[in-house]
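Engineer: Please find one structure pasted underneath; my questions will follow.
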Amino acid sequence: MAKSPSNEKSRNQSSTGETGNSNNSTKKQSPQEDNMDLEEETIFPLTDECHHYQQRKEVPWDIQKYWDQRYSIWTAYDDGIHMTDDAWFGVTPEPVANKVASDLTTRTPPSKTTIIDIFAGAGGNAIAFALSGRWTTVIAIEKNPSVIACAQHNAYIYGVSSQITWINADCFDYLSSQDSSIDLSKTVIFASPPWGGPGYRSDKVFNLKTMLPYSVQAIHDACKMMDSALYLPRTSDLRQIAKLAPPGEKVEVVQYCMEGASKALVAYIPAASSQEIDK
């Protein structure tokens, strides 16, 4: 039996064992069905907001086009992937998540051993980070109990749930409350924030200052003491991104494409020094 969910911030013990293999021909049990290691884990039960749609007629009209692309988003969709309706708008497609994970592996020095996904959503990026085998610790933060339940469930399907530390909390509260325990020299932040809904597509140049519910500056201020990677709309204002670079440093921006079309960009931002923060 799964443990009862906690209303407080919940943390699992992350595993540093061998990375799971994404074998889509083998259906993984959900955390609610799998009794292995439950004594050491906090399980977030799926709720009525968590869905595995099997027929198009079941799908709300405003997410049908995303459901039509479900196998591009999750290769293991038929194994029981669950999503909340809102999560369809923000999930990173699996090929993009895997490429970002691969790029972070090569871009970060071996001294960086922890990655924190501060907007984990339905788990696509955290799963990719765990599958990469690069990180000693993968932390996934998501404040919506239903969404984190989907993420944990989906990670079980990919065989890596026990390799991820699941935090049901507001990421800004978590980062501030854990300020003294986070080793800044060993930690990388990954942030795929909400973009304010699909309306961003109509902007020729997307204004990151007005991004809802969090501006890019608010996100950067919370994690600027650590190396960070921000997953943003492909039309984001590059001038605004450039201003996030610490003095004497540069931000590297990479566009990520699927089937010849850009899906998003990632801004790789070096950490600011403590002297720069004090100025």
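Engineer: Among the candidates L232, L184, single out the residue that is in contact with a strand residue (DSSP E or B) (Cβ under 8 Å, 6 or more places away or on another chain) and not basic (K, R).
Structural biologist: L232
Engineer: Give me the pairs, please: first residue somewhere in region 53-80 and free of Cβ contacts under 8 Å to residues at least 40 places away in the same chain and surrounded by fewer than 17 Cβ atoms within 10 Å (Cβ to Cβ), second residue anywhere and of a type in the set (S, T, N, Q) and assigned to a helix (DSSP H, G or I), beta-carbon distance under 8 Å, and either six or more positions apart or on two chains.
Structural biologist: Close Cβ pairs (under 8 Å, with a partner that is of a type in the set (S, T, N, Q) and assigned to a helix (DSSP H, G or I)) amount to R56/Q64.
Engineer: Taking the criterion of being in a loop (DSSP other than H, G, I, E, B) and over 14 Å from the mean Cα position of the chain (by Cα), would at least one residue in region 138-152 satisfy it?
Structural biologist: no
Engineer: Moving on to the next point. Taking F206 and the conditions (1) under 29 Å from Q69 (Cα atoms); (2) under 19 Å from the mean Cα position of the chain (by Cα), which numbered condition does it fall short on, given that it satisfies the others?
Structural biologist: With respect to (1) under 29 Å from Q69 (Cα atoms); (2) under 19 Å from the mean Cα position of the chain (by Cα), F206 is out only on (2).
Engineer: Further question: Only one residue in C257, C223 is modelled with pLDDT of 95 or more, within 26 Å of S177 (Cβ to Cβ) and not polar (S, T, N, Q). Which one?
Structural biologist: Residue meeting the stated conditions: C223.
Engineer: Across region 70-109, what is the number of residues that are polar (S, T, N, Q) and either in contact with a helix residue (DSSP H, G or I) (Cβ under 6 Å, 6 or more places away or on another chain) or farther than 17 Å from Y256 by Cα (or both)? Break it down into steps so the answer makes sense when it comes.
Structural biologist: Within region 70-109, the subset polar (S, T, N, Q) is 72, 75, 84, 92, 98, 102, 105-106, 108.
Add one more test, that the residue is either in contact with a helix residue (DSSP H, G or I) (Cβ under 6 Å, 6 or more places away or on another chain) or farther than 17 Å from Y256 by Cα (or both), and what stays is 75, 84, 92, 98, 105, 108.
Of the residues in region 70-109, 6 are polar (S, T, N, Q) and either in contact with a helix residue (DSSP H, G or I) (Cβ under 6 Å, 6 or more places away or on another chain) or farther than 17 Å from Y256 by Cα (or both).
Engineer: Within region 160-168, identify whether any single residue is in contact with a His (Cβ under 7 Å, 6 or more places away or on another chain) and surrounded by 22 or more Cβ atoms within 10 Å (Cβ to Cβ), and answer yes or no.
Structural biologist: Scanning region 160-168 turns up no residue that is in contact with a His (Cβ under 7 Å, 6 or more places away or on another chain) and surrounded by 22 or more Cβ atoms within 10 Å (Cβ to Cβ).
Engineer: May I pose another question? Would you mind finding the one in D203, D227 that is farther than 25 Å from P109 by Cα and of a type in the set (D, E)?
Structural biologist: Within the list D203, D227, the selection yields D203.
Engineer: Follow-up. Taking the criterion of being modelled with pLDDT under 95, farther than 23 Å from D183 by Cβ and among the acidic types (D, E), would at least one residue in region 233-254 satisfy it?
Structural biologist: Scanning region 233-254, I find no residue that is modelled with pLDDT under 95, farther than 23 Å from D183 by Cβ and among the acidic types (D, E), so the answer is no.
Engineer: Condition (residue is surrounded by 15 or more Cβ atoms within 10 Å (Cβ to Cβ), part of a loop (DSSP other than H, G, I, E, B) and of a type in the set (A, V, I, L, M)) applied to region 190-199: is it met by at least one residue?
Structural biologist: no
Engineer: What about Y66, is it among the hydroxyl-bearing types (S, T, Y) and farther than 29 Å from S228 by Cβ?
Structural biologist: Values: among the hydroxyl-bearing types (S, T, Y): yes; farther than 29 Å from S228 by Cβ: no.
Considered against the rule, which asks whether it is among the hydroxyl-bearing types (S, T, Y) and farther than 29 Å from S228 by Cβ, Y66 comes out as no.
The values are calculated or read from the model by the stated rules, or taken from the named source; none is laboratory data. Bear in mind the structure is a predicted one, so any value in this text is a computation, not a measurement. Cβ coordinates were reconstructed from backbone atoms using ideal geometry, including for glycine residues, and neighbour counts include every protein chain displayed.
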